[in-house]
Amino acid sequence: MSNVIELKVPDIGDAKNVEVIEVFVKVGDSIAKEDSLITLETDKASMEVPSSAAGVVKEIRIKVGDKVSEGSVMLLLEARDAAAASLAAAPAAPAAAPVAAPQPASHGGAADAEFDVLVLGGGPGGYSAAFRAADLGLKVAMVERYATLGGVCLNVGCIPSKALLHNAAVIDEVRHLAANGIKYPEPKIDLDALRGYKNKVIGKLTTGLTGMAKARKVEVIRGLGRFLDPYHVEVELTTGTGQEKTGQKQVIKFKQAIIAAGSRVVKLPFIPEDPRIVDSTGALGLQAVPKKMLVIGGGIIGLEMGTVYSTLGARLDVVEMMDGLMQGADRDLVRVWQKMNAHRFDNIMLKTKTVAVEAKPDGIYVTFEGDAAPKEAQRYDMVLVAAGRAPNGKLIGAEQAGVAVTDRGFIEVDKQMRTNVPHIFAIGDIVGQPMLAHKAVHEGHVAAEVAAGHKAYFDARAIPGVAYTDPEVAWVGVTEDEAKKNGIKIEKSVFPWAASGRAIANGRDEGFTKLIFDAETHRLIGGAIVGTHAGDMLGEIGLAIEMGCDPTDIGKTIHAHPTLGESIGLAAEVAEGSCTDLPPVRKK
Ligand code: FAD
């Protein structure tokens, strides 16, 4: 099925005639949804415009130097099979390599050690690949610059943020109990102890990884790795808690390599250095709870950290260039979250951008421009910059190995996670969106299995996304917005939690469960939940998508009562017209 669609410049606030300063794609490129297409720049800021669909670029309608506004056509995209294209949102497809392959170097010297597989980076992608490769009988080395394994996710990402969010959720839940006649005094918060708890959680997991590496005889080499050529990596050994160099180097020879060097926080050029201005890592450091906090960027990371600080006592403002928070999730889900969280915010500034930040002794003064921009600069006690993450592809000497890296630092791979150099694989954040740990792990297993000679490839239909806010917002597969944009004909069914016995008993019945079926095949292609524990329940929907289930498969599966997960079966019954937990459907 072929489906050529126009990709237009989305809502970019009140900016008009904005200059195109970079075009990342060319005709013939195969792109995934959320891949960046172009960068726009005003005199104050620049923004990358992501693709709203997956497919092959047929025609480019703009060039560097052009001036564009909302609605300008950027390119024509052939969304292969539209449904399949959006389902397979993940790694960049192999077809046309848009980036010229660099000429590899040749290392003439000796090596200190030799391995079947060298894994560069010890994050979720890297350690999963290394462990799987070792389990499959390969001799593996893993190079990691920091003292602990686990990468961003375990050290400064998924895990510490969830350790803090768990505490915040318990505080919030206890506050809700007041309505049921159970009243506790306001909590006394010992920040040092809370930080200690978070660090203990990290320690437990990272120590576990070190033990598992040893048990598998995976050699962990502590240092900063750079390719010397397609078969050698040089490691500058590091020590201490950061990346202090010891001055010693090791050259490692490998038969195959897996690049898992991840991503880093994007820094906005106009933001000054000041301890009151933090990124996600700084926010996880939990040094103090400010009275008034600004979150720059209304994505998941910013909103999760905002939730923690707000529950601990901060008043929040958030500024977002797009027309809604939590981009990627359907708006009906986000509306439920927003209503429940309105009390945390003084000001939600949409279609607005930050144009100046000044650090003064009494606070950080921030100036905004756009639809919701206050006239005067606003004063904050703390500013969290959560404006996205950039891949580390340009920092590892990939060109010496002949590995092609895009202008933005991503490494393109095929469905077996091979780069343009067939014995070198790449996985995780460094290969593209969505930058999520579970995607990195899945890709890591594929790369390791292929390296061990297995016929594996990345064939997941859908990658889940979860905002671990309160309530949680979780979705997997095709969203309703995406179906609309890509002309996918769907049937949706919704089960409101206002009719769920368990949700009512919990005093949290604001959520709903939504299933999205392909209108022609009646198979499940997407689903979403907003409500408490939504993320924990999403797995069933993901499995049903992978298994190609229809409403009967899901509705006739007996779900335990009373559970929140029951809402998935009930939503399928809604699609079948057999739900008896809702009022009867009026006959047309
Ligand atoms: P990384 O985790 O970035 O690991 C790369 C590793 O490579 C690092 O340890 C780095 O030190 C090392 N490295 C890089 N270059 C070199 C070099 N030259 N030499 C040696 N070592 C090198 N994802 C989720 O799925 N769920 C969540 O809830 C979630 N929450 C998040 C919360 C926050 C605050 C943040 C910042 C991220 C969150 N993420 C979450 C995203 C998740 O952390 C990443 O998608 C995941 O860590 C990517 O794994 P990776 O292995 O590709 O890279």
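At a glance:
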| item | result |
| --- | --- |
| Residue-wise HN-Hα coupling along region 562-571, computed from phi with Karplus coefficients 6.51, -1.76, 1.60 (Hz; x: Gly, Pro) | x, 10, 6, x, 4, 4, 6, x, 5, 5 |
| Rh (Kirkwood; distinct C-alpha pairs) - region 356-506, Å | 20.1 |
| Contour excess over end-to-end distance, with Cα ends at GLU491 and GLU22 and 0.36 nm allotted per residue | 165.0 nm |
| Fraction of accessible area attributable to carbon and sulfur, region 260-387 (%, probe 1.4 Å) | 54 |
| Probe 1.4 Å, accessible area per residue of region 376-457, Å² | 35 |
| Share, in percent, of DSSP beta bridges within the chain that are antiparallel, nearest 5 | 70 |
| Bins of 10 Å from zero: percent of alpha-carbon pairs in region 212-318 | 11, 29, 22, 23, 13, 1 |
| Backbone HN-Hα couplings from phi across region 513-520 [Karplus 6.51/-1.76/1.60, Hz, Gly and Pro as x] | 10, 10, 10, 10, 10, 5, 5, 8 |
| Relative pair counts by distance (%), Cα atoms of region 384-431, 10 Å bins | 27, 53, 14, 6, 0 |
| Length released on extending from ILE182 to SER69, taking residue separation times 0.36 nm less the Cα-Cα span | 35.3 nm |
| Greater than 28 Å apart at Cα, pairs in LYS8/LYS455; LYS351/LYS439; LYS16/LYS58; LYS26/LYS492; LYS58/LYS484 | LYS8/LYS455; LYS351/LYS439; LYS26/LYS492 |
| Calculated over region 229-270: convex hull of Cα atoms, volume per residue (Å³) | 139 |
| Cα principal axis extents for the chain, largest first, Å | 76, 61, 56 |
| Rounded to the nearest 20 debye, dipole of the chain from Cβ charges on Lys, Arg, Asp, Glu | 800 |
| Gained length - LYS245 relative to HIS423, 0.36 nm times residue gap less alpha-carbon distance | 61.2 nm |
| MRE, 222 nm, helices only [DSSP H, n ≥ 4, -39500 (n - 2.57), over the chain, to nearest 500] | -8000 deg cm²/dmol |
| For the chain, Cys with no neighbouring Cys Cβ under 4.7 Å | CYS549, CYS579 |
| Highest-first arrangement of 235-241, 410-416, where packing means the average Cβ count within 10 Å | 410-416, 235-241 |
| HN-Hα J in Hz across region 411-426 - Karplus 6.51, -1.76, 1.60, θ = phi - 60°, x for Gly and Pro | 10, 7, 9, 9, 5, 9, 6, 7, 7, 5, 9, x, 8, 10, 9, 9 |
| Surface share of carbon and sulfur [accessible, 1.4 angstrom probe, percent] for region 108-231 | 57 |
| Burial order of peptide ranges 367-380, 158-171, 437-450 (average beta-carbon count within 10 Å, highest first) | 437-450, 158-171, 367-380 |
| Under 5 Å, built H, 5+ apart or other chain: amide partners of PHE115 | LYS253, PHE254, LYS255 |
| Label-point gap, in nm, between GLU520 and VAL174 - each point 7 angstrom along Cα→Cβ | 5.6 |
| Separation of the ARG264 and ALA377 label points, Cα + 7 Å toward Cβ, nm | 2.8 |
| Protection-proxy order for peptides 422-428, 209-215, 71-77, each taking the mean of Cβ atoms within 10 Å per residue, highest first | 422-428, 71-77, 209-215 |
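The values are calculated or read from the model by the stated rules, or taken from the named source; none is laboratory data. Worth saying up front: this structure is predicted, and the values here are computed from it rather than measured. Glycine also receives a Cβ, built like all others from the backbone with ideal geometry; neighbour counts cover every protein chain displayed. We work out accessible area using only protein heavy atoms, side chains counted, and drop any ligands, DNA or RNA first. Shrake-Rupley method; radii C 1.70, N 1.55, O 1.52, S 1.80 Å.
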